[in-house]
Amino acid sequence: GEPYDRFMREAVFDPAHMNSTRLDDVFAVIPHRARGYRLSTAGELQNAAFVDVSNKPPGSGINSSAADMANFVVALYSGKLVSQEILHQMLTPAPTLDGKPTIYGFGFFHGGPLSKYYGFDEAGHGGDQQGVSSVLYLLPQRQFGVVILCNLEGQRISVDFIALSRQIFDVVSH
């Protein structure tokens with residue numbers, strides 16, 4: 001088979017013009033790599049514990065930037081990465097093998113904290129881990145997307161980013 005990093009570069013990063021995006025490597029000097037932080041119980045900013053995520057590239061082992069992720073959203077909507085039919089599958093929750101409903105499609109959530117906003121289907125993907133929180137928020141019917149990357153960990157920061165993404169939609173759409 002093809003190495004994962006080469007596949008991602010050729011199939012996703014290059015076509016989407018994600019020029020700063022790469023697989024994580026704890027030993028590499030990556031330009032503009034942000035240090036992760038956390039808040040102590042007293043509310044003081046501290047360095048987050050180091051966690052090596054380079055061993056799980058599909059699940060948080062990729063370094064990117066907000067600009068590159070915005071390019072990803074544009075490429076996703078424009079059909080540069082996948083057809084509209086495949087995008088629809090990615091955004092549609094897939095049932096379990098025994099037919100039970102889920103809130104997860106092929107890469108994106110639709111359900112849980114994401115459902116509908118002003119009647120438009122919401123989809124997205126976010127995460128919180130040591131030192132970082134993020135969300136990629138989509139309103140596919142409006143070809144609208146928001147990317148928020150933050151170098152602060154928190155149990156529900158990515159969920160709070162959904163509310164912020166909705167506020168951004170309100171500002172730019174009215």
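The values are calculated or read from the model by the stated rules, or taken from the named source; none is laboratory data. Predicted model only: the values in this text are computed from it and were never measured. We place every Cβ from the backbone using ideal geometry, glycine too, and count neighbours over all the protein chains shown. These accessible areas exclude ligands, DNA and RNA; they are computed on the full protein's heavy atoms, side chains included. Shrake-Rupley method; radii C 1.70, N 1.55, O 1.52, S 1.80 Å.
Pick from segment 42-68 the residues that are closer than 22 Å to residue 20 by Cβ and part of a strand (DSSP E or B): which of them is least open to solvent (accessible area, probe 1.4 Å)?
63
Right, residue 29: part of a loop (DSSP other than H, G, I, E, B), of a type in the set (Val, Ile, Thr), open to solvent by 50 Å² or more (accessible area, probe 1.4 Å) and over 21 Å from residue 156 (Cα atoms) or not?
Taking the combined requirement at face value, the residue satisfies it.
So residue 172 ticks every box in (1) in contact with a strand residue (DSSP E or B) (Cβ under 9 Å, 6 or more places away or on another chain); (2) exposed (fewer than 15 other Cβ atoms within 10 Å of the Cβ); (3) not in a helix (DSSP H, G or I) but one. Which box is left unticked?
(3)
With more than 13 Å from the chain's Cα centre (by Cα), over 23 Å from residue 75 (Cα atoms) and open to solvent by 40 Å² or more (accessible area, probe 1.4 Å) as the only criterion, which of 130, 141 stands out?
Selected residue: 130, the only one of 130, 141 that is more than 13 Å from the chain's Cα centre (by Cα), over 23 Å from residue 75 (Cα atoms) and open to solvent by 40 Å² or more (accessible area, probe 1.4 Å).
Within 12 Å of the chain's Cα centre (by Cα) and more than 25 Å from residue 52 (Cα to Cα), is that true of residue 70?
When the stated conditions are applied, residue 70 passes them.
Return the pair list, or none, for Cβ contacts closer than 6 Å from residues in segment 37-49 that are under 15 Å from residue 129 (Cα atoms) and in contact (Cβ under 8 Å) with a residue 24 or more places away in the chain to residues that are surrounded by 10 or more Cβ atoms within 10 Å (Cβ to Cβ) and of a type in the set (Asp, Glu), at least 6 apart or on different chains.
38/153; 48/153
Could you please tell me which pairs satisfy a Cβ distance under 8 Å, a separation of 6+ or placement on different chains, a first residue in segment 1-27 that is without any contact (Cβ under 8 Å) to a residue 60 or more places away in the chain and aliphatic (A, V, I, L, M), and a second residue that is in a loop (DSSP other than H, G, I, E, B) and open to solvent by 40 Å² or more (accessible area, probe 1.4 Å)?
18/64; 26/52
Being free of Cβ contacts under 8 Å to residues at least 40 places away in the same chain, in contact with a His (Cβ under 9 Å, 6 or more places away or on another chain) and within 24 Å of residue 61 (Cα to Cα): is that true of residue 135 here?
Yes; evaluated as a whole, the condition is true for this residue.
Let me spell it out: the conditions are (1) small (Gly, Ala, Ser); (2) more than 16 Å from the chain's Cα centre (by Cα); (3) within 26 Å of residue 150 (Cβ to Cβ), and residue 79 meets all of them except one. Which number is the exception?
Failing condition for residue 79: (3).
For segment 94-117, name all the residues that are without any contact (Cβ under 8 Å) to a residue 12 or more places away in the chain and either touching a His at 6+ places or on another chain (Cβ under 6 Å) or not basic (Lys, Arg) (or both).
The answer is 95, 96, 97, 98, 99, 101, 102, 103, 104, 112, 115.
Of everything in segment 106-127, what is open to solvent by less than 50 Å² (accessible area, probe 1.4 Å) and hydroxyl-bearing (Ser, Thr, Tyr)? Give them in sequence order.
The one that is open to solvent by less than 50 Å² (accessible area, probe 1.4 Å) and hydroxyl-bearing (Ser, Thr, Tyr): 117.
Check residue 19 against each of (1) touching a helix residue (DSSP H, G or I) at 6+ places or on another chain (Cβ under 9 Å); (2) open to solvent by less than 70 Å² (accessible area, probe 1.4 Å); (3) modelled with pLDDT of 95 or more and name the one condition it does not meet.
(2)
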